Structures are given as C-alpha cells and as structure tokens.
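Asks: Input: one structure, supplied below.
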Amino acid sequence: MKEATNNMWKTIKHLEEKEYVSVGCIYYKTIETYSELDKLKKDFELQFDNCTMVCPKCFIDAIIPITEDSKLWNLNDRERLELLKDWKTQGFE
C-alpha cells in the first residue's frame, strides 16, 4: 500500500507544520495522535526502515500517517477505523 511506504519524513513534516500528526496501524486497526516529535521518535525508535515507518507493537510496515494526501484525512474516527479494518482484510486475511 502506497500510504504505508516511504512515510517517515511526511509524518515528521506534518507534525512540525500542524503541531500534531495521527497515525493508524492497519494490522491493529488503531489510531494514535502525536503532538511531540520526541514522543513520536521514542515510540518509533529503531522502527524506521528505509524511511518506512514500522509499528512498534506488531513490527509490520502497516503505518498510515493521516495527512492531507491520505485517504483517511477527511474521514471521522469511525470511518477511519472502518477503512483500516477493510485494508487489514485485504492485506492480511
């Protein structure tokens, strides 16, 4: 999935510009929001592989940063979780 590839710098840039960034894990179907770069770096420490973010919980490169170009951007929380669920079914089941 394109949104889960080469997404590290886009995530950091969004956090720096907007003062927050949300990221979703397709495998766990969860969304977390970060407002501090240090916290994001700590949670994803050593989980960056070729600029692609890897979930620190499941160790799968299934992290979607919710930025303006994401399919998750204009959705509410329920819709976002539903789309993550659909993507998990397509990719993992």
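The values are calculated or read from the model by the stated rules, or taken from the named source; none is laboratory data. All figures in this text were calculated on a predicted structure; none of them were measured in a lab. Virtual Cβ from ideal backbone geometry, glycine too; neighbours counted across all protein chains shown.
Asks: Is it true that some residue in the range 25-41 is over 18 Å from Asn74 (Cα atoms) and of a type in the set (Lys, Arg)?
Replies: So far as the range 25-41 goes, yes, one or more of its residues are over 18 Å from Asn74 (Cα atoms) and of a type in the set (Lys, Arg).
Asks: List the residue pairs whose Cβ atoms are under 7 Å apart, where the first residue sits in the range 1-29 and is within 12 Å of Leu40 (Cα to Cα), the second is surrounded by fewer than 20 Cβ atoms within 10 Å (Cβ to Cβ) and among the charged types (D, E, K, R), and the two are 6 or more positions apart or on different chains.
Replies: Once the first residue is within 12 Å of Leu40 (Cα to Cα) and sits in the range 1-29, its partners that are surrounded by fewer than 20 Cβ atoms within 10 Å (Cβ to Cβ) and among the charged types (D, E, K, R) give Ser22/Glu32; Val23/Glu32.
Asks: Filter the range 42-86 for residues that are modelled with pLDDT under 95, touching a helix residue (DSSP H, G or I) at 6+ places or on another chain (Cβ under 9 Å) and surrounded by 14 or more Cβ atoms within 10 Å (Cβ to Cβ) and give the result.
Replies: Scanning the range 42-86 gives Phe44, Phe48, Thr52, Met53, Pro56, Ile60, Asp61, Ala62.
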